[in-house]
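The values are calculated or read from the model by the stated rules, or taken from the named source; none is laboratory data. None of these values were measured; they are calculated from a predicted model. All Cβ positions, even for glycine, are placed from backbone atoms using ideal geometry, and neighbour counts span all protein chains on display. Side chains are part of the model used for accessible areas, which takes the heavy atoms of the whole protein and leaves out ligands, DNA and RNA. Shrake-Rupley method; radii C 1.70, N 1.55, O 1.52, S 1.80 Å.
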Amino acid sequence: MASGPGAQMEDLDLFYQDVQNHNSRGLWTLGGDNLTTEPEPKALPFMWKWSEFRPLMYRASELVPVEMAERRVLVFANPGLAGKPSATSTLMANLQIINPGEIARSHRHTPSAFRVIVEGTGAYTTVEGEKTYMDEGDFITTPSWTWHDHGNEGDTPMVWLDGLDVPFVNMLEVGFYDQLETQAQNLTRADDMSLRLYGAGSMRPTWEHHQGLHSPLLNYKFQRAYEALKELAKDTEGSPYDGICLEYTNPQTGGPAMATIACFVQLLEPGRHTKAHRHTGGTIFHVIKGKGYSVIRGERFDWQAKDTFVVPSWAFHEHVAEDEAVLFSYNDSPLQQPFGLYREEAYEENGGHQLVTGAFAG
Ligand code: 1HN
């Protein structure tokens, strides 16, 4: 047996080697990876500009046949996430383009998904036998394990933002996928039936017994959301942090539209500057209309209509609208709240506004 401090180090190194050879590690050797004093998200504050992605989408529409792609989608890959096709550690964001006459064939998967329409008219999504035509700004749900296909009956390509919880579902190793032999599923309900059944507000069809954890409503029309926001703006500024912000809910329960993803639409009047705050869970913002900027961890992100940006978990952020702005956003707070993990905090210094220390350059 060796003695003295040097020899002890040698013993320790040998011990670590033996432990490693047994597929184990000393907990005390792992550093801060396990427990951190506060969230240290790997996803970075980041923005994907529509002015750059629009040409890429149209090039994809010419170069990539839908038969090759199944879904002609460019996935936003947050540079903090080591090349993974994810916007945050739990959520995907991507743009999809569908040409006139194309059908993106029917499939279903355990990840939940939704779309927000960016550009064009004439395309539809069918979910569980119900077809809905989609207009700019509409929010359409395709919840976990529901059959869905898309088709474009219009004259021009159509583009939308997809949001999905694929990284979360894969983290839990609960991913299933299934596809139909036929391109499109059969229609079993009248078009937009769910909008007529559940879209009237504060009224429930007594004979319907919707099963499932997700909203029975397929398409939340932007026009209705915008009217609701504008009506509120007449008499309130809404939240100091989010402005006039409405959550898209399940009309049956008041809970989130989908079990795993909370989705919001917010109005910021021209000149509005919200106070900074932070909350757990990375959030993806998509600019439906307007122009302005957000300050995220001191970095200024100038945005315009149809841009998409990420606020990482626990990052202070505030918004400034130069023109009237409407932002869509989504996060994984429904995965935190049932377990008491959701936290929120106001930025108290400097009148609630961060010092701007730089600007996002792409
Ligand atoms: C998907 O099914 C769609 O149905 C879009 O439109 C994007 C990204 C990853 C996995 C499945 C769609 C997707 C997707």
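Placing a label point 7 Å from the Cα of GLU181 along the Cα-to-Cβ direction, the residues of the range 94-114 with a backbone N closer than 18 Å are 105-108. The heavy atoms of THR188 offer some 110 square angstrom of accessible surface to a 1.4 angstrom probe.
Between ASP155 and ASP135, the FRET efficiency estimated from the beta carbon spacing at R0 = 22 angstrom works out to 0.90. Accessible surface for MET193 stands near 60 Å², nearest 10, in the context of the full protein assembly shown (1.4 Å probe). Projecting the Cα atoms of TRP147, THR121, GLY175 onto the charge dipole of the range 110-178 (Cβ charges, centred on the Cα centre) puts GLY175 farthest toward the positive pole. Share of the range 1-70's accessible area from carbon and sulfur, percent, 1.4 Å? Looking at the range 1-70 in its full context, I get 56 percent from C and S. Label positions at ARG71 and ALA228, each projected 7 Å from the Cα along the C-beta direction, are separated by 2.5 nm.
Taking all protein chains into account, the per residue accessible area for the chain stands at 50 Å² (1.4 Å probe). Extension gain, MET171 to ASP191, is 3.6 nm, computed as 0.36 nm per intervening residue step minus the present C-alpha separation. Helix 50-63 axis versus longest C-alpha principal axis of the chain: approximately 70°, rounded to the nearest ten.
With each label modelled as a point 7 angstrom along the Cα→C-beta vector, the ARG343-ASP33 pair spans 2.3 nm.
May I ask which of LYS49/LYS131; LYS230/LYS275; LYS131/LYS230; LYS234/LYS291; LYS221/LYS306 have a Cα-Cα span longer than 26 Å here? Walk me through the numbers before you get to the answer.
Details: LYS49/LYS131 31 Å; LYS230/LYS275 21 Å; LYS131/LYS230 29 Å; LYS234/LYS291 21 Å; LYS221/LYS306 17 Å.
Those over the limit are LYS49/LYS131; LYS131/LYS230.
Put simply, the convex hull of the Cα atoms in the range 143-302 casts, on average, a shadow of 13.1 nm². Counting only other residues whose beta carbon sits under 15 Å from that of ASP302, what net charge do I get with K and R as +1, D and E as -1? Charge balance near ASP302 sits at -2. Against the chain, whose longest principal axis comes from its Cα atoms, helix 222-233 is set at around 80 degrees.
So, with +1 on the Cβ of K and R and -1 on the Cβ of D and E, and no other charges, what is the size of the charge dipole of the chain about its Cα centre, to the nearest 20 debye? Let's see the in-between values first.
Numbers: 28 positive and 48 negative charges, 82 e Å.
That gives the chain a dipole magnitude of about 400 debye.
The portion of the accessible surface of the range 176-301 made up by carbon and sulfur, rounded to a whole percent, is 53 (1.4 Å probe; DNA, RNA and ligands excluded). Placing unit charges on the Cβ atoms of the charged side chains and taking the dipole of the chain about its Cα centre, the candidate lying farthest along the positive direction among GLY292, LEU81, GLN223 is GLN223. Please compute the net charge surrounding ARG72, taking Lys and Arg as +1 and Asp and Glu as -1 over other residues with Cβ under 15 Å from its Cβ. Net charge around ARG72: -2. Computed in the context of the full set of protein chains, the accessible area of the range 89-164 at 1.4 Å probe radius has 48% of its extent on carbon or sulfur.
The length gained on full extension between TYR16 and VAL356, counted as 0.36 nm times the residue separation minus their Cα-Cα distance, comes to 117.8 nm. Binning the alpha carbon pair distances of the range 45-181 at 10 angstrom intervals from zero yields the distribution 12, 43, 37, 8, 0, expressed in whole percent. Using equal-weight Cα scatterers in the Debye expression, the normalised intensity of the chain in log10 at q = 0.07 Å⁻¹ is -0.35. Distance between the pseudo-spin-label points of ALA200 and THR110 (7 Å out from Cα toward the beta carbon): 3.8 nm.
Quick one: order LYS49, LYS291, LYS234 from most to least accessible surface, probe 1.4 Å. Could the numbers behind the result be given before it?
Working: LYS49 45, LYS291 80, LYS234 140 Å².
Most to least solvent-accessible, the answer reads LYS234, LYS291, LYS49.
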